[in-house]
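The values are calculated or read from the model by the stated rules, or taken from the named source; none is laboratory data. The shown structure was predicted, so the numbers you read here are calculated from the model rather than taken from an experiment. Positions of Cβ are backbone-derived with ideal geometry, glycine not excepted, and every protein chain shown enters the neighbour counts. Accessible surface areas use protein heavy atoms only, side chains included; no ligands, DNA or RNA. Shrake-Rupley method; radii C 1.70, N 1.55, O 1.52, S 1.80 Å.
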There are 2 protein chains.
Amino acid sequence: MSVHLQIEATRGPARAGKLITPHGEVETPVFMPVGTLGSVKGVSQDVLEELGVEILLANTYHLFLRPGVETVRKMGGLHRFMSWDRAILTDSGGFQVFSLTDLRKVGEEGVAFRSHLDGSPHFLSPEKAMEIQIGLGADIIMAFDECTEYPADAPRARASMELTLRWAERCKNYFEANKYEVPWATESAELRSAGRTNASAPTRADQTQALFGIVQGGMDRELRRESADRTIDIGFPGYAIGGLSVGEARELTRDIVASTLEHLPSDQPRYLMGVGTPEEIAHYAQSGVDMMDCVLPTRAARHGLLFTSEGKLSIKQARYAQDESALDPACECRVCLRYSRAYLRHLYASNELLAQVLNTVHNLHYYLATMRTVRGWIRAGRSPTGAGPRM
Amino acid sequence: MSVHLQIEATRGPARAGKLITPHGEVETPVFMPVGTLGSVKGVSQDVLEELGVEILLANTYHLFLRPGVETVRKMGGLHRFMSWDRAILTDSGGFQVFSLTDLRKVGEEGVAFRSHLDGSPHFLSPEKAMEIQIGLGADIIMAFDECTEYPADAPRARASMELTLRWAERCKNYFEANKYEVPWATESAELRSAGRTNASAPTRADQTQALFGIVQGGMDRELRRESADRTIDIGFPGYAIGGLSVGEARELTRDIVASTLEHLPSDQPRYLMGVGTPEEIAHYAQSGVDMMDCVLPTRAARHGLLFTSEGKLSIKQARYAQDESALDPACECRVCLRYSRAYLRHLYASNELLAQVLNTVHNLHYYLATMRTVRGWIRAGRSPTGAGPRM
């Protein structure tokens, strides 16, 4: 199997381990920073490496429009295109397309939509979403699903879930028939036939991408159970929980995640999509989720909203104009070790590019450090004394 | 003397050596990147250090408006505020104020102007420009001069030059009376009295800033000679050539620089303000200029214009969309070593923040490498064989 989870410690429902991918191992539970267009806005790849990022998320919809899948494929796939040799996950484009409320039309075959950039017409189907994601070449790709809107009544939630299940099957069929078209599989095979790879060196030639299924079902626990069961019946190497954080109360999100997790295989990766605050990612990791992604740390950073051990901080406030202390005195990121709140406030208030860069680096560090703490907590739970640190 | 030039090699009129400042030594001839508001747009200080930047230029006018000199002074001066322990030079604000054509009024006392940000009224005089620059605390500060407009007739050029000379004297008087008010001189004295500095450790307490004079005189060689002579009579530890690159032909700039250089002391630093292209900075360094600054590498970078060993390159062009080669195959900067033109073109075309960051890093590297080459050429000129490398 191209991607699998190696569980090394458990504590209650939580698990810590490694996600093994064709582009390296990823310590789990993991938070995946979002690099929409093949770049985490403002942060260069070497800084991401230094931060300890082991897997990035990129967006199929955005990359499909710019630079287009053919360019990325010709450049050797997304890893080579963006010079990132660690793991990548792409979403299916479904969520973005469904967000184009006034610009899309859903049918059995797929979704017709217009680009948010220039209004040009496009069509995404399960097969097309697979074709694009194979061309982009992420290690983990996602089934093309319908993200059920909120609120949705019972018939609508069921119909949407059934559509996602039919699409999941079509995704799997297309993927199984075409998965060795991934750019780096070709590259490895070419290198091998040209004698340019060492026989004893690890090669990716026998590996390819992994396609994860997505559980939908709206806010109905029973539908979620059915969606989980029937998605598992189709069979994927990992499962995501989609369709949450779409406007529902946070309590409801927690309930649905908790009840859905019970129906997912315990030996396979579980990915909760689009979540959340630092408290939420810690909570879900402790509940047995292995992977999460969210634009919150990066987007909030660009708006001057910073996560610290003392809570959220809005760096634009005048109260920080002459504050010589570090952004977060308890933080060891390169921003907190070097710059004062006064300087960061000045950069933000003056609309300096560096504000966005430094704020993003700090927030990412904060998210990654949060997950490191949770991983330590899970692993400590297996200590002989049974006493772990307080979270 | 707080700042002086240690000449270690000469080749014709050119000289290579070190500018000794309270915040470290600077290899000369040197190109100084512009950090208008206390930040080189998009580039963090650790990357500037890695690039080998030894001295930065910051703009008095901009810092006076945001965050204001009192904030910078309270934060310990510009070095501490921006966490940059290497050398800094501030301009006097004169050039920016004169650029506010419709918003300023020049008199004998100084210049009344309105902020480009909010229209608020301000006044800069020689004394005020000194007070601000002492509060900012750069290693090298500049006299408040009138940048003569181009074209200017003979009476106007003379009147402007005479005003600059009267202001130069006022700047020197104010500076000499107040130069130990620099924030880090105070800081050193406080640390010393608190017993927190090692007696054997180098301290900056006996050092302070250096004030450089500026030669004006429009495009008239004779006026330039007179301006140089009379500015030298006032007496400064370094001299700048101002009032160029204001719209005149490049040939004329070269003539005026060449003739002005002849009248400047050979043992003191010579600073040509606001110049220029890579070819120009190489030419002027070979002509005996020790210091230069220009927004060109950083501003052009943000517009996708990149300097390479093969000439200028506009990364926005579609021809680079699938170009896998490095931006400049001969360049060893972190951008050229890692990313392809295709990726950089995608980032620029998609308006990604990282485009501005990476483009700026490359252009700065190119400018700094250009000066390294010139320094090598000057030093090689003293080799026993007398044969230096071709430029």
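From the cross-link list B:LYS105/B:LYS128; B:LYS128/B:LYS172; B:LYS41/B:LYS128; A:LYS316/B:LYS128; A:LYS41/A:LYS312, which pairs have alpha carbons spaced over 19 Å apart?
Listed pairs above 19 Å: B:LYS41/B:LYS128; A:LYS316/B:LYS128; A:LYS41/A:LYS312.
What number in nm² do you get for the protein assembly as shown if you take the convex hull of its Cα atoms and divide its surface by four?
39.7
Might you tell me the accessible area per residue for the protein assembly as shown, computed with a 1.4 Å probe and given in Å²?
Values: 30270 Å² over 782 residues.
Accessible area per residue: 39 Å².
State to the nearest 20 debye the size of the charge dipole of chain B about its Cα centre, where the only charges are +1 on K and R beta carbons and -1 on D and E beta carbons.
Charge dipole of chain B: 760 debye, to the nearest 20.
Enter the per residue convex hull volume of chain A, computed from alpha-carbon coordinates, in Å³ rounded to the nearest integer.
So the per-residue Cα hull volume is 155 Å³.
How much space per residue, in cubic angstrom, does the convex hull of the C-alpha atoms of the stretch B:22-92 take up?
Numbers: hull volume 6.2 nm³, N = 71.
Here the figure is 87 Å³ per residue.
List the equivalent ellipsoid semi-axes of the stretch B:193-343 in whole Å, largest first, each obtained as the square root of 5λ for an eigenvalue λ of the Cα gyration tensor.
Details: eigenvalues 273, 150, 27 Å².
For the stretch B:193-343, the ellipsoid semi-axes come out as 37, 27, 12 Å.
Using the Cα centre as the reference, give the magnitude of the dipole from point charges on the C-beta atoms of the stretch A:52-101 (Lys, Arg: +1; Asp, Glu: -1; all else neutral), rounded to the nearest 20 debye.
180
Can you classify the stretch A:1-124 as rounded, prolate or oblate using the Cα gyration tensor, where a ≥ b ≥ c are the square roots of its eigenvalues, rounded means a/c under 1.5, and otherwise it's prolate if a/b beats b/c and oblate if not?
prolate
Computed FRET efficiency, Cβ-Cβ of A:GLU131 and B:VAL295, R0 35 Å: what is it to the nearest 0.05?
Working: r = 46 Å, r/R0 = 1.31.
It comes out at approximately 0.15.
Taking 8 Å as the Cα distance limit and 6 or more residues as the minimum spacing, I'd like the relative contact order of the stretch A:243-301 as a percentage.
After rounding, I find 33 percent.
If you take the charge dipole of the protein assembly as shown about its Cα centre, with +1 on Lys and Arg Cβ and -1 on Asp and Glu Cβ, which of A:CYS331, B:HIS62, B:LEU103 is farthest toward its positive end?
Of the options given, the answer is A:CYS331.
For the stretch A:132-175 and the stretch A:223-262, what is the separation of their Cα centres, given in Å?
If you average the Cα positions of each part, the centres end up 13 Å apart.
Between A and B, buried accessible area summed over both sides at probe 1.4 Å, in Å² to the nearest 100? Don't skip to the answer; put the middle values down first.
Numbers: alone 16910 and 16900 Å², together 30270 Å².
Buried area between the two chains comes out at roughly 3500 Å².
At what distance in nm do the modelled label points of A:ARG66 and A:ARG250 sit from each other, each positioned 7 Å from its Cα along Cα→Cβ?
Here the answer is 3.4 nm between the modelled labels.
Counting C-alpha atoms alone, how compact is the stretch A:256-391: give Rg to one decimal and Dmax as a whole number, in angstrom.
Both quantities, over Cα of the stretch A:256-391: 17.4, 54 Å.
Please compute, for peptide B:76-85, the average count of beta-carbon atoms on other protein chains lying within 10 Å of each residue's beta-carbon.
Working: counts 3, 0, 0, 0, 4, 7, 7, 5, 1, 0.
Rounded to a whole number, the mean comes out at 3.
Please name whichever of B:VAL26, B:SER83, B:HIS303 sits farthest to the positive end of the charge dipole of chain B, dipole taken about the Cα centre and charges placed at Cβ: Lys and Arg +1, Asp and Glu -1.
B:HIS303
Put +1 on the Cβ of each Lys and Arg and -1 on the Cβ of each Asp and Glu in the protein assembly as shown; which of B:HIS122, B:ALA380, A:ALA185 then has its Cα farthest toward the positive end of the dipole?
Farthest towards the positive pole: B:ALA380.
How big is the stretch A:65-158 along each principal axis, measuring the range of its Cα positions in Å and listing the largest first?
That gives 45, 28, 20 Å along the principal axes, largest extent first.
Where in the stretch A:8-54 does accessible area fall by at least 20 Å² between the isolated chain and the complete protein assembly, at a 1.4 Å probe radius?
The answer is A:LEU37, A:SER39, A:LYS41, A:GLY42, A:SER44, A:GLN45, A:ASP46 - residues whose exposure falls by at least 20 Å² when every protein chain is included.
Within chain A, what whole-number % of the accessible surface is contributed by carbon and sulfur, with the 1.4 Å probe and all protein chains included in the calculation?
The computed percentage sits at 49.
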